[in-house]
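Data block below; observations after.
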Amino acid sequence: MATIKDIANRTNVSPATVSRVLNNDQTISVLEETRQRILQAAKELGYKTILERQTEKHIESVNKTPKVGILLCQTLEEEMSDPYFLSIRQGVEEELLKQGITSTSMFRIHETGSNPLINDFDGLIVIGRINEGALKKVSDHVQNVVYINHSPDDTLYDSVVIDFVKATELALNHLLNLGYKRIGYIGGTEKEHINSGKVKIEDERLTTFEKFVKREGIYNPSWTFIGEYQMSQGYEMMKTALELAEKPEAFFIASDPMAIGALKALQEADLSVPNDVAIVSFDDIEIAQFTSTPLTTIRVHTKEMGQTGVKLLMDRFNGRKIPLKIIVPSELVVRQSCGALR
């Protein structure tokens, strides 16, 4: 790379004068012919000022910034009714900005229709459940894919998940240790996107619940209620449960929004939580601590799940080849609804 000294030697001008001319110093008094001679020599030698070099580096940096797509498997209504996935998305967006990635696009799987996504992304973050075939239908050229809250193939894709089995057992052991024997379940259905739409898949919260209560010898199939993961469904299923001749004395409810609906049904029936019915739920969304009876719940670190997904993607950009599956731990948050604080 040419230096100021090289230009000075070619033009028979002092290095100080060359520097001031090249940096457009308006206070210098120099003949126009000399100025042009310096500029011409700099051009011929390929000299670049500090400002020019900084500008080139900035442009190069911008051009190297990876383009990231975010694919959401939930409708806007589903995301708003259950803040679980909303919090994951917020974690993704915050971490992308923190990493200096502003070139992003967001898609919802139900809005893509038959048109494939633009495939000029360097990476794709998938929030929710979609199988590999359905993913390739909408985006078949993206090399770096990270799944969050789902792991379709941990030999191929990075993923960030929680251990639903361990989390469910944590909730049920808490109820069992408090002395409850008649334990019911209220939950929704897990669905996965495939090429032809959606299919129901195993919900590990439900299967773990059934295995647990059967192992403890306290299983009663009439105490299990399955609907959709909506607040209104929690309300309706608790109303149905209260019509039983022999009612559960405690419930594990698979999401906080459903638990909030169930609380309303219990309140309308003039039943006290936890004195008449105890509840442990799942998620620990922000409102869980502010309900009429604050919810004991399994805290899922959803925002951290989103942030971790971005970090995995950045690690891929930096050359990692081996897929990683990160299991984010969950924890029990004890409040009033379970009766432990009586």
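Here is a yes/no grid of residues against (1) under 15 Å from residue 258 (Cα atoms); (2) touching a strand residue (DSSP E or B) at 6+ places or on another chain (Cβ under 6 Å):
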residue	(1), (2)
291	yes, no
294	yes, no
300	no, yes
317	no, no
324	no, yes
Among the numbered conditions (1) open to solvent by 70 Å² or more (accessible area, probe 1.4 Å); (2) closer than 30 Å to residue 132 by Cα, tell me where residue 229 comes up short. (1)
May I ask you to say which residue of 95, 78 is open to solvent by 50 Å² or more (accessible area, probe 1.4 Å), modelled with pLDDT of 80 or more and closer than 26 Å to residue 297 by Cβ? 78
In this structure, does residue 309 turn out to be crowded, with 18+ Cβ neighbours inside 10 Å, within 22 Å of residue 152 (Cβ to Cβ) and not aromatic (Phe, Trp, Tyr)? yes
In the range 258-307, anything assigned to a strand (DSSP E or B) and touching a residue at least 40 places away in the same chain (Cβ under 8 Å) is listed as 278, 279, 280, 281, 282, 283, 296, 297, 298, 300
The range 130-167 - residue that is open to solvent by 30 Å² or more (accessible area, probe 1.4 Å) and among the charged types (D, E, K, R) and, of those, farthest from residue 210 (Cα to Cα): 140
Selection from the range 192-215 of residues that are open to solvent by 80 Å² or more (accessible area, probe 1.4 Å) and modelled with pLDDT of 95 or more: 211, 214, 215
Please verify whether residue 316 is assigned to a helix (DSSP H, G or I) and out of contact with any helix residue (DSSP H, G or I) (no Cβ under 8 Å at 6 or more places or on another chain), treating the condition exactly as stated. yes
Between 225, 290, which is aromatic (Phe, Trp, Tyr) and over 23 Å from residue 165 (Cα atoms)? 290
For residue 149, work out the one condition from (1) modelled with pLDDT under 90; (2) within 24 Å of residue 79 (Cα to Cα) it doesn't fulfil. (1)
Are there strands (runs of 3 or more DSSP E) fully within the range 164-223 with at least 1 residues that are farther than 25 Å from residue 261 by Cα? List them. 190-194, 197-201
So residue 50, is it modelled with pLDDT under 85, exposed (fewer than 13 other Cβ atoms within 10 Å of the Cβ) and farther than 30 Å from residue 160 by Cα: yes
Taking the range 102-129, which residues are crowded, with 20+ Cβ neighbours inside 10 Å and either within 16 Å of residue 314 (Cα to Cα) or at pLDDT 85 or above (or both)? 121, 123, 124, 125, 126, 127, 128, 129
Restricting to the range 13-42, name every residue that is at pLDDT 85 or above and open to solvent by 100 Å² or more (accessible area, probe 1.4 Å). 33
Kindly provide the set of residues from the range 177-191 that are more than 30 Å from residue 72 (Cβ to Cβ), open to solvent by less than 30 Å² (accessible area, probe 1.4 Å) and of a type outside the set (Ser, Thr, Tyr), ordered by number. 183, 184
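The values are calculated or read from the model by the stated rules, or taken from the named source; none is laboratory data. Worth saying up front: this structure is predicted, and the values here are computed from it rather than measured. When we count neighbours, we look across all protein chains shown, and the Cβ atoms used for this are built from the backbone with ideal geometry, even at glycine. Only protein heavy atoms, including side chains, enter the accessible area calculation; ligands, DNA and RNA are left aside. Shrake-Rupley method; radii C 1.70, N 1.55, O 1.52, S 1.80 Å.
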